[in-house]
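Written below as structure tokens is the structure these notes are about.
The values are calculated or read from the model by the stated rules, or taken from the named source; none is laboratory data. Owing to the predicted nature of the structure, the values given are computational and were not obtained by experimental measurement. Here the Cβ positions follow ideal geometry from the backbone for every residue, glycine too, while neighbour counts run over all protein chains shown. We work out accessible area using only protein heavy atoms, side chains counted, and drop any ligands, DNA or RNA first. Shrake-Rupley method; radii C 1.70, N 1.55, O 1.52, S 1.80 Å.
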Amino acid sequence: MTLEILVMSIAEIVGAIAFLYIAYLFIKVYRGLRDESSFLFSVSYLFLGIAQICAFLSIIVSSHRLATTFYVATSSFAIAGFISMLGSTGYRSRLYIVPLAILLMSPDIVAGILSIAVSLRSIHITRIMMLLLSISFFFRGISIVVAPSISPIILLFAEVLRATIAIALSIYHVSRVVRI
């Protein structure tokens with residue numbers, strides 16, 4: 001196992017744990033308040049956690065077909081997560097206006113665009129973190145089309161950035177709940 005694969009694997013696992021923890025926190029809020037938006041946020045972070053797990057699996061499986069499947073699933077679950085976030089912030093009816101052409105683009109680019117839409121509806125530090133999360137998805141999309149010599153470096157940067165943002169979001173949401 002090379003150093004790059006080890007770093008990406010650790011980043012994916014840590015990011016998955018952070019996203020799943022945020023989902024858990026929102027479920028706790030939902031159980032207390034019975035607020036639909038907190039449930040949708042929980043579902044969205046659950047999807048983002050599953051996306052991280054798929055990214056980890058795409059790194060460690062030996063089959064190229066399975067690795068590709070998990071890689072594409074990463075963006076697909078992220079898209080589902082961001083759609084859930086947008087649904088909880090009042091974009092419900094506008095989600096169906098998305099042109100078909102945008103859905104034909106790379107799933108990573110779509111996830112990045114949806115993340116930007118979520119960030120525009122976010123407040124405080126969450127807005128900045130969601131923008132950085134969208135940048136990580138754009139870098140993932142770019143890594144597919146650039147030269148093979150630089151592609152792993154861009155992908156490594158994207159995965160580490162995404163894991164770092166997951167940790168930052170987790171810490172931020174925990175601090176808001178615990179009032180640190």
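Data overview
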item	result
Subset of region 146-164 (residues that are in contact (Cβ under 8 Å) with a residue 40 or more places away in the chain and either of a type in the set (S, T, Y) or open to solvent by less than 70 Å² (accessible area, probe 1.4 Å) (or both))	L155, L156, E159, V160, R162, A163, T164
Lone unmet requirement of (1) at pLDDT below 80; (2) closer than 22 Å to V160 by Cα; (3) open to solvent by 40 Å² or more (accessible area, probe 1.4 Å) for S106	(3)
Meets criteria (closer than 16 Å to L48 by Cα and out of contact with any Pro (no Cβ under 7 Å at 6 or more places or on another chain)) for I116	yes
Looking only at region 125-165, and only at residues there that are aromatic (F, W, Y) and within 14 Å of the chain's Cα centre (by Cα), the one that is nearest to G15 (Cα to Cα)	F137
Test: E12 is in contact (Cβ under 8 Å) with a residue 40 or more places away in the chain, out of contact with any His (no Cβ under 8 Å at 6 or more places or on another chain), open to solvent by less than 70 Å² (accessible area, probe 1.4 Å) and among the charged types (D, E, K, R)	yes
The lone exception for L33 - which of (1) open to solvent by 80 Å² or more (accessible area, probe 1.4 Å); (2) modelled with pLDDT under 80 it fails	(2)
